1. Scan (1) under 19 Å from Ile6 (Cβ atoms); (2) of a type outside the set (A, V, I, L, M); (3) surrounded by 20 or more Cβ atoms within 10 Å (Cβ to Cβ); (4) under 14 Å from the mean Cα position of the chain (by Cα) for the single condition Phe99 breaks and write down its number.
2. I'm checking my understanding of the structure. Among residues of the range 123-136 that are open to solvent by 60 Å² or more (accessible area, probe 1.4 Å) and not hydroxyl-bearing (Ser, Thr, Tyr), which one is farthest from Val84 (Cα to Cα)?
3. With respect to Thr60, is the statement that it is among the polar types (S, T, N, Q) and open to solvent by 30 Å² or more (accessible area, probe 1.4 Å) true?
4. Looking at this structure, is Arg167 over 11 Å from the mean Cα position of the chain (by Cα) and on the phi < 0 side of the Ramachandran plot?
5. Please go through the range 71-95 and pick out each residue that is more than 18 Å from Pro112 (Cα to Cα) and among the basic types (Lys, Arg).
6. Scanning for something among the β-branched types (Val, Ile, Thr) and modelled with pLDDT of 80 or more, does the range 174-197 turn up at least one residue?
7. So for the range 107-121 (the condition being at pLDDT 95 or above and open to solvent by 50 Å² or more (accessible area, probe 1.4 Å)), does at least one residue qualify?
8. Condition first: among the β-branched types (Val, Ile, Thr), modelled with pLDDT of 70 or more and part of a loop (DSSP other than H, G, I, E, B). Can you find one or more residues in the range 148-169 that meet it?
Amino acid sequence: MRNPKIVVITAGLSEPSSTALLGERLADSTLARLDGTGLTAQVETISLRGLAHGIADYITMGFPSGEVGRALDTVRSADAIIAVTPTFKAGYTGLFKSFWDLTDDDDLVGTPTIVAATGGTARHSLMIESSLRPLFAYLHADVVPTGVFAATDDFGADSSLQHRIDRAGLELADRIAWQAGTNRAERAPSVEKKSEPKAPSLAGGGGLPPLRVTPFDQLLNGEA
């Protein structure tokens with residue numbers, strides 16, 4: 001089977017862009033998790049900033065320019081998607097939404113997808129669930145459980161962002177490997193499932209007594 005193609009779509013508007021950086025880190029983490037599965041994925045990045053005029057022309061004139069057409073073809077041929085947008089007015093940007101408005105409803109059916117966003121404050125983090133996840137549910141993408149929101153303060157010393165990135169990368173890599181029919185993706189130490197806590201022990205005793213379940217008929221007869 002051919003090696004999978006991961007397409008990163010970033011709607012960052014500045015250069016350099018923290019949104020583009022988040023997409024890059026998600027792609028790197030996914031590639032790292034695919035090590036050991038026998039798959040060598042390729043990553044292709046689409047920056048919507050450079051396609052803004054072409055997207056507007058397509059919306060108003062009804063046919064795509066060369067670059068926009070190639071970007072849409074790239075999305076259709078992707079084996080996995082990483083979609084990242086800045087947060088404007090508690091949701092995705094107009095540029096981000098306009099691009100996905102140009103895709104056909106069937107273009108992303110079953111495609112493994114990470115949704116991610118950046119914002120100035122963590123108070124906007126629910127936009128992952130309120131805006132991004134409904135959009136990609138409509139497109140019938142296979143969105144991984146972990147969405148990644150990165151506030152400005154998350155970049156730098158905050159290690160929890162890398163943990164969220166690695167968890168989302170692992171979930172995406174697992175889906176890519178499953179669709180390719182190979183082994184599960186490599187699980188990094190930072191995203192190992194934590195062991196279940198031990199049962200609490202009673203002071204001076206040998207642990208909690210076993211749970212006793214009273215049959216319902218005995219409860220009705222007042223035998224509990």
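The values are calculated or read from the model by the stated rules, or taken from the named source; none is laboratory data. Since the structure is predicted, the reported quantities are computational estimates derived from the model, not experimental observations. Ideal geometry is used to build each Cβ from the backbone, glycine not excepted, and the neighbour counts take in all protein chains shown. With ligands, DNA and RNA removed, areas are computed over all heavy atoms of the protein, side chains included. Shrake-Rupley method; radii C 1.70, N 1.55, O 1.52, S 1.80 Å.
1. Phe99 satisfies every listed condition except (4).
2. By that ranking, first place goes to Arg123.
3. Here the answer is yes, as Thr60 does meet what is asked.
4. no
5. Lys89 - this is the single residue of the range 71-95 that is more than 18 Å from Pro112 (Cα to Cα) and among the basic types (Lys, Arg).
6. yes
7. Within the range 107-121 (the criterion being at pLDDT 95 or above and open to solvent by 50 Å² or more (accessible area, probe 1.4 Å)), the answer is yes, since at least one residue qualifies.
8. So far as the range 148-169 goes, no, none of its residues is among the β-branched types (Val, Ile, Thr), modelled with pLDDT of 70 or more and part of a loop (DSSP other than H, G, I, E, B).
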